[in-house]
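Report on the structure given below.
The values are calculated or read from the model by the stated rules, or taken from the named source; none is laboratory data. Fair warning: this is a prediction, and the values are worked out from it, not measured in the lab. Glycine also receives a Cβ, built like all others from the backbone with ideal geometry; neighbour counts cover every protein chain displayed. Ligands, DNA and RNA are stripped out before the accessible areas are found, and what is left, the full protein with its side chains, is counted by its heavy atoms. Shrake-Rupley method; radii C 1.70, N 1.55, O 1.52, S 1.80 Å.
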Amino acid sequence: MTRNYLESFKEELLEVFSEARARINKFPSPFNQTGLVYLDKFDVFQKESAKNYICYLLPYWMNEITNLPVEQCRKLSLANVFNMLYYFLQDDVMDETPIAWKEQLALAQLLQSEFEFILREIFEAESPFWNYRQQYVNEWAVTVVNENKEDYFMSDNLMIAKKASPLKLASTGALLLANQPEKIEEVEQLVDHSLVLLQLADDLTDWKEDLKDNSYNCLLSMIKAAKNQNEPLELSEVESFIYDRSILLDYTNSCHEHISFIANHTLQLKHLLHFSYSIYEDLYHFAKQVEETKTALLSGGFDYILSNNT
């Protein structure tokens, strides 16, 4: 599937990241320089950057049902960029030693201040937008602290999405600006299911690093449950589950409920569905590739080597 959830909005994203760069450049020194370096890590137009498309594109995707002026979509997207940078810095601080905190926390506060400045231009103080903001911050705080203890993937996997709840300010803000607050709960659910898929994909990519750092990871959670023991996992055990014991088939099957929910919902957001389905396809094809490689090796390793060289 072509990534049409992105192609239609490239020019808009150029505007958004250009504006974000200009605003960060006005930060006091040295935060302007460190802020721009940090932005580059997530700028969709930079090579090898993290491509957090849903963060920047959600306001534009919402326009299927909100029909907002493009300027308002752009402001919501720009605000989400600053909000995203703020929360990623929070994650970095949680993973770093205290000696590295001072500059990161100061930069995070500047980013959060810019986020609020943008949104105060379009939402009045009495707007319910600010109540939703507090709700999403609360959800983020609870899940970040409790994800290891509660093991959300095995107990209530929709809670996995709550770690990214502040992202939903873009969709909720768009609906409030369009005077469609009655759709907020439904869109929250759609975005949550998409965010679970995104986390599952990230955890498949990051499992080695998360194993080393003892960070919560959905794939590792599934393997621990299959192992049915409390001892820490070893690298060789995880590799055995992935490459010998077909754990990725179960992992991919856990995605079905989420992509089905989005695809079959009465409220259709085409671009969000395409984005979610592309994640599901990537997970499915990787799991299938692992299984096909295993089957080929079991049926005749020498033939497999010859066919691949050919």
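Right, residue 93: crowded, with 23+ Cβ neighbours inside 10 Å and in a helix (DSSP H, G or I) or not?
Against the criterion (crowded, with 23+ Cβ neighbours inside 10 Å and in a helix (DSSP H, G or I)), residue 93 does not qualify.
Residue check, residue 136 against (1) under 27 Å from residue 273 (Cβ atoms); (2) open to solvent by 30 Å² or more (accessible area, probe 1.4 Å), all met but one. Which one?
Exception for residue 136: condition (2).
Just name the residue that is modelled with the highest pLDDT out of those in region 75-103 that are among the β-branched types (Val, Ile, Thr) and in contact with a helix residue (DSSP H, G or I) (Cβ under 6 Å, 6 or more places away or on another chain).
By that ranking, first place goes to 81.
Just to be sure before I move on: is residue 185 open to solvent by less than 60 Å² (accessible area, probe 1.4 Å), without any contact (Cβ under 8 Å) to a residue 60 or more places away in the chain and more than 19 Å from residue 280 (Cβ to Cβ) in the structure I sent?
Answer is no for this residue.
Identify all residues within region 207-264 that are in contact with an Asp or Glu (Cβ under 8 Å, 6 or more places away or on another chain) and at positive phi; write none if there are none.
Selection gives 246 alone.
Please work out which residue is farthest from residue 59 (Cα to Cα), limiting yourself to region 1-33 and to residues that are among the β-branched types (Val, Ile, Thr) and at pLDDT 95 or above.
My answer is 24.
Does residue 251 fit the bill of being surrounded by fewer than 18 Cβ atoms within 10 Å (Cβ to Cβ), touching a residue at least 40 places away in the same chain (Cβ under 8 Å) and farther than 30 Å from residue 65 by Cβ?
Spelling it out, it is not the case that residue 251 is surrounded by fewer than 18 Cβ atoms within 10 Å (Cβ to Cβ), touching a residue at least 40 places away in the same chain (Cβ under 8 Å) and farther than 30 Å from residue 65 by Cβ.
I'd like to verify a number: residues in region 202-241 that are surrounded by fewer than 19 Cβ atoms within 10 Å (Cβ to Cβ) and of a type in the set (A, V, I, L, M, F, W, C), how many?
4
Can you tell me which residues in region 141-167 are open to solvent by 10 Å² or more (accessible area, probe 1.4 Å), touching a Phe, Trp or Tyr at 6+ places or on another chain (Cβ under 8 Å) and of a type in the set (Val, Ile, Thr)?
160
From 106, 170, grab the single residue that is in contact with a helix residue (DSSP H, G or I) (Cβ under 8 Å, 6 or more places away or on another chain), in a helix (DSSP H, G or I), more than 27 Å from residue 223 (Cα to Cα) and open to solvent by 10 Å² or more (accessible area, probe 1.4 Å).
Going through 106, 170 in turn, the sole match is 106.
Quick one: would you say residue 127 is under 24 Å from residue 56 (Cβ atoms), at pLDDT 95 or above and exposed (fewer than 14 other Cβ atoms within 10 Å of the Cβ)?
When the stated conditions are applied, residue 127 does not pass them.
On the basis of being surrounded by fewer than 21 Cβ atoms within 10 Å (Cβ to Cβ) and touching a Cys at 6+ places or on another chain (Cβ under 9 Å), does residue 197 make the cut? It would help to see each step written out before you state the result.
On the way: surrounded by fewer than 21 Cβ atoms within 10 Å (Cβ to Cβ): no; touching a Cys at 6+ places or on another chain (Cβ under 9 Å): yes.
In short, no.
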